[in-house]
Amino acid sequence: MVALILFPLILRSQVQLDWLPDAPQPKPHVRLARRTKRAVDKKKLTVAKLNKDRIAITQSVISQFVALLAQVPVQPKGNTSSTKKITKTDQTVTLSFQNTISQPAANLKVALDFLDLNKSVVKTTEVTTDSGGTVQFKVAKFPTMVQCRLEDDGWAIVTPNLSVVALKGSEGDVVASLERDGSRALRFKKAAGGTTPAQSNQTKTVVIHRAFKAPIISVEPTTVQILATSIPDTEVWIGDQMIGKTATDGNLSVRLPAETYPNNGVLLFHHEGKGATLEATQPLPLANLYSPINVSAPSLKLISINELAIPGLNVDINGPIFGRSILAAYGKPVVVAFDPRSHQVPDFSPEEGTVWWSYPTKGLAFRVRNIHVEGQRELQPVVERIRITGNSGGEVAGIAAGEPSSQVESTLGRSDPSFSMKEGTTMSYLEDGITFKADAEKVAWIELRRPIGLIHSGIDTSPVDALTKIYVAPIQGNWQAFPDAAEILSEKLKSITGIELTNDPNDADLHLDLQLGDFKLDTGKTIGIFPDRITDALTLRYRLYEAGESVPEWKTVDGKSEADYRKEVQNGALLFTALEGLTAVVRDPKIRLAIQLAIGISAEEAAENTRKAITKAKSRVGPLALSQALKPIVDDITHGSDVRIRVTEIDRKLEQITLNAGSAQGVTAGTWFSLYNASNPGFHFQVSGYEEHQILAKVTSVSDESCICDLVRVDHFIDGKAREENLETVLKRNMPGDRQDSSALGLLDPTTGLVWAQRVLRVP
């Protein structure tokens, strides 16, 4: 009995390592100094309590030991020496992955790198998280460290330094590796496992299961998924990067790095179809890391024609088509002219100033206008529109006249149908650059309203800045004979419409440095007391450059103005001498008075009139010479700023044009523009040193984004007396001498994209 009690006590220390809690320590014996009845009774109570505690501990040890033995089959007597006991430890570590919104990260590919004590990878295992976002792996020996890596490019561990799991010590203590000391202990539990039945001469195996659960590893998406939908084989772009192409079902799934996702971006859908290029844009929604972003392309619209086949037409695709090319290719046409008495012309509706050249057998027609072409004395016919009227006239993006009208939108994308009394139902593309007329579900005709090159590239109608800011440095130099020169130059620059002088060089578009160079005043001969002519010859030096660019070398310009009074001074001197001679020749004062009355002037008056004329001429000569020298400088400013604006409308009856720039772009009333048909000036003009004749557009009314201009004939003269004259005549219809090359009739249709205006700076 004693052996039975002591045997579990002997084994207790070995069993308790894995299974039992530490037993309470026995209380020390109480020594009594004196044996009194009361003390004896107290000792009896204490001994009884100790015996009771020992019995309880022993019973607990026995019950646990019996429970352990119950798991091991009793071996038959005589065979106990043949039974071997092996204890195995099965240790499992569970890792849990959650996203930043506390959802399990399911189906996440994870790589487990097993490290040695030097943190070198000795083995790598690839696993995938289950629906609960967990993975498990077994550890056979200690110490062990495991580093987690995500194999999915769309995810990242929020805190990578917490993804290392370390198992240390024989008991398999598990701790998470922190940033410094890794002292944070993981939760773990130990559970007894089953045993393998032991027969004679067999091995008995006891499996001890330890399950360790590491703290949750937080992961986050690193990409944004876009699900785009459009017609099949459509490229999808963000900025200058193509992110993919839709499949045959019209869908595209792509992931973008979250750090580069443009929250204010735009998706561009680009489709290269049969003979045509279609595009559409759609704003991108804000990034969502946990849900796909669905974007459906709007209806794609035509942006350019890739195939244009017109038999026999071989012209410059970027410029106007001249009538001589049409005549050479197709011969003499049937001409349909504009008839102001009829608003309805069969098949064709010419505008005033145009005719239609029709080639019925060729399936083609051309609307033609006669305009001024630089270098040609006579007006030249230029094509404004090409119309394909029959199947033999060619194709646009594979579409010919006579084919089903439904083919237009299926090939070129959706168009806004329109209706006009002249043309009926039409479908227009590329800002009216191409128009299809639908008639009885067939394409009646196809019309190209711009040069082929501009149909490909389109027309830029965005307003441009028409105000040039100039910083003028303090004018250097001094002319003692012309002390007001610097002030006059400054005032002339300030009064030029179209530029603004600024005192801030950092706010300027252009910088202008001016120096007063040589100055020479020539008064000619003196007859009596008067000079017979006054000539100012002067030189200005200047440097004009854009802000931020290197300063160029100085340029030199000359100005000259002359007032020639030789004849007047000579005649005045003779008259003065004659009148003065009357005193000596005619002594009778009555006769002398009668002669003076007959002449109508006295000697004093003759001298005063001549003096006044010479004085006025002298005051005009200097500023005119400055103006002459300033003109080439202003021309440089014009070319340096090079403001070109699109003509959007032409009112040929009122002789007015509309430009697509207004007060928002710095256009003000009084701004001047010259007009062009492609590279040709819209009108004849003549400019010389002392005479100018031009037809310009002068701004009369301005709105925010547009302005209206009158066509004005400008005549400028400087005569030999240094007298200046400016005449401005607003052109009106049916003026005497009105011709097509000097009116709005000489400007092409603005829808051709060939009519534009260039700002002109005029020295006052």
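The values are calculated or read from the model by the stated rules, or taken from the named source; none is laboratory data. All figures in this text were calculated on a predicted structure; none of them were measured in a lab. Every residue, glycine among them, receives a Cβ derived from its backbone with ideal geometry; neighbour counts consider all protein chains shown. Side chains are part of the model used for accessible areas, which takes the heavy atoms of the whole protein and leaves out ligands, DNA and RNA. Shrake-Rupley method; radii C 1.70, N 1.55, O 1.52, S 1.80 Å.
Of (1) at negative phi; (2) at pLDDT 85 or above, Thr144 satisfies all except one. Which?
That leaves (2) as the condition not met.
When you scan segment 240-261, do you find a residue that is modelled with pLDDT under 90, within 29 Å of Ile101 (Cβ to Cβ) and among the polar types (S, T, N, Q), even just one?
Scanning segment 240-261, I find at least one residue that is modelled with pLDDT under 90, within 29 Å of Ile101 (Cβ to Cβ) and among the polar types (S, T, N, Q), so the answer is yes.
Can you tell me which residue in segment 470-493 is farthest from Gly753 (Cα to Cα), limited to those that are in contact with a strand residue (DSSP E or B) (Cβ under 6 Å, 6 or more places away or on another chain) and open to solvent by 60 Å² or more (accessible area, probe 1.4 Å)?
Result: Ala481.
Mind listing just one residue for me: the one in segment 431-455 that is under 14 Å from Ile310 (Cα atoms) and modelled with pLDDT under 85 and, of those, least open to solvent (accessible area, probe 1.4 Å)?
Pro451
In segment 719-764, how many are under 16 Å from Glu691 (Cα atoms) and open to solvent by less than 20 Å² (accessible area, probe 1.4 Å)?
So the answer is 1.
Quick one: count up the residues across segment 458-469 that are open to solvent by 50 Å² or more (accessible area, probe 1.4 Å) and in a strand (DSSP E or B).
Of the residues in segment 458-469, 1 are open to solvent by 50 Å² or more (accessible area, probe 1.4 Å) and in a strand (DSSP E or B).
Being open to solvent by less than 30 Å² (accessible area, probe 1.4 Å) and either under 23 Å from the mean Cα position of the chain (by Cα) or in contact (Cβ under 8 Å) with a residue 24 or more places away in the chain (or both) is the requirement here; does Val266 meet it?
Criteria not met by Val266.
Name the residues in segment 71-103 that are open to solvent by 40 Å² or more (accessible area, probe 1.4 Å), modelled with pLDDT of 70 or more and of a type in the set (A, V, I, L, M, F, W, C), would you?
If the condition is that a residue be open to solvent by 40 Å² or more (accessible area, probe 1.4 Å), modelled with pLDDT of 70 or more and of a type in the set (A, V, I, L, M, F, W, C), then Ile86, Ile101 are the ones that fit.
If you take just the strands (runs of 3 or more DSSP E) that sit entirely in segment 665-725, which of them hold at least 1 residues that are touching a residue at least 12 places away in the same chain (Cβ under 8 Å) and farther than 20 Å from Arg759 by Cβ?
Hits in segment 665-725: 691-702, 707-718.
Against the condition under 24 Å from Ser230 (Cα atoms), surrounded by 15 or more Cβ atoms within 10 Å (Cβ to Cβ) and not β-branched (Val, Ile, Thr), how does Arg387 come out, does it pass?
Taking the combined requirement at face value, the residue does not satisfy it.
Given the criterion open to solvent by 40 Å² or more (accessible area, probe 1.4 Å), in contact with an Asp or Glu (Cβ under 7 Å, 6 or more places away or on another chain) and modelled with pLDDT of 80 or more, identify the matching residue among Val110, Val158.
None of the other options fit; the residue is Val158.
Does Asn318 satisfy the condition of being open to solvent by 30 Å² or more (accessible area, probe 1.4 Å), at negative phi and out of contact with any helix residue (DSSP H, G or I) (no Cβ under 8 Å at 6 or more places or on another chain)?
No; evaluated as a whole, the condition is false for this residue.
Is it true that Phe366 is modelled with pLDDT of 90 or more and not charged (D, E, K, R)?
Against the criterion (modelled with pLDDT of 90 or more and not charged (D, E, K, R)), Phe366 qualifies.
Kindly indicate which of Ile455, Ile446 is in a helix (DSSP H, G or I), β-branched (Val, Ile, Thr), within 35 Å of the chain's Cα centre (by Cα) and farther than 30 Å from Asp509 by Cα.
Answer to the selection: Ile455.
Taking Ala400, is it over 39 Å from the mean Cα position of the chain (by Cα), among the hydrophobic types (A, V, I, L, M, F, W, C) and open to solvent by less than 40 Å² (accessible area, probe 1.4 Å)?
Against the criterion (over 39 Å from the mean Cα position of the chain (by Cα), among the hydrophobic types (A, V, I, L, M, F, W, C) and open to solvent by less than 40 Å² (accessible area, probe 1.4 Å)), Ala400 does not qualify.
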